[in-house]
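Take a look at the structure set out below.
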Amino acid sequence: MFEMLPPELKSLAVRARAKYAPRPFAGIKDAKAMSTGLGIATKGLDELDDWDEEKVKTYPFLWKNPITHNLHFMVHPCAVREIFVDPLPANVPKRETHLYPDGAHLTDLDGVRTLLYRMQRPAIAPRLVYPHDWNERDLMIFHNRGLMHSVVGLFREDDLRVFHQCNLAATDQPEGPNEEDRAGIYALMN
């Protein structure tokens with residue numbers, strides 16, 4: 001997903017962090033997903049009464065694979081509430097194509113979702129997507145820090161989907177891009 005972005009969106013991605021809603025899946029339980037699986041079609045993110053600010057997560061847009069050192073665009077569009085964008089470094093000339101060159105704190109939920117959709121939509125072209133044709137007793141396993149995933153599908157009125165999820169909690173936080181990664185992206189814009 002990251003490699004497909006044009007330079008101006010790569011420049012944004014290396015500087016951006018996503019702040020997720022508290023207990024996001026509880027907050028979107030009654031929301032409807034977009035047909036593409038990339039985000040919420042209805043408002044969603046209901047306010048929750050019982051949550052702790054210390055447990056709210058903010059992660060970089062890009063997560064570095066610890067083996068390959070490749071950067072992966074890993075933002076869950078259904079759960080993001082805010083975006084923080086760091087300013088461009090002083091040694092990077094500002095150009096009209098740079099988005100938020102002075103940094104930004106984006107809090108308008110519609111604007112946050114629109115920006116994420118713009119960044120993620122090209123990567124779900126049909127030739128890039130594996131749509132699994134579910135059968136009883138199927139098991140799907142994927143790398144949660146390197147593969148964007150969503151559940152979409154058509155169901156009849158009487159269909160019931162049962163989804164069991166097993167997570168192995170990580171003991172570390174995802175590593176984002178470092179200064180060398182950022183410098184490489186900024187060089188693409190010159």
Got a sec? Which of Met74, Met119 is in contact with a Lys or Arg (Cβ under 9 Å, 6 or more places away or on another chain) and closer than 14 Å to Leu38 by Cα? Met74
Are any residues in the stretch 81-132 closer than 18 Å to Ser150 by Cα, part of a loop (DSSP other than H, G, I, E, B) and open to solvent by less than 80 Å² (accessible area, probe 1.4 Å), and if so, which ones? Ala125, Val129, His132
Can you pull out every residue in the stretch 35-87 that is in contact with a His (Cβ under 8 Å, 6 or more places away or on another chain) and modelled with pLDDT of 95 or more? Leu62, Ile83, Phe84, Val85
Report yes if Arg145 is open to solvent by 60 Å² or more (accessible area, probe 1.4 Å) and either modelled with pLDDT of 80 or more or more than 27 Å from Thr58 (Cβ to Cβ) (or both), otherwise no. no
Within the set of pairs 6 or more residues apart or between chains, which connect a residue that is touching a residue at least 40 places away in the same chain (Cβ under 8 Å) inside the stretch 96-119 to a residue that is in a helix (DSSP H, G or I) and open to solvent by 90 Å² or more (accessible area, probe 1.4 Å) with Cβ atoms less than 9 Å apart? none
So Tyr117 passes all but one of these: (1) farther than 15 Å from Ala13 by Cβ; (2) modelled with pLDDT of 90 or more; (3) among the aromatic types (Phe, Trp, Tyr). Which condition number does it fail? (1)
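The values are calculated or read from the model by the stated rules, or taken from the named source; none is laboratory data. Model, not experiment: these values are computed from the prediction. When we count neighbours, we look across all protein chains shown, and the Cβ atoms used for this are built from the backbone with ideal geometry, even at glycine. For accessibility, only protein heavy atoms count, side chains too; no ligands or nucleic acids. Shrake-Rupley method; radii C 1.70, N 1.55, O 1.52, S 1.80 Å.
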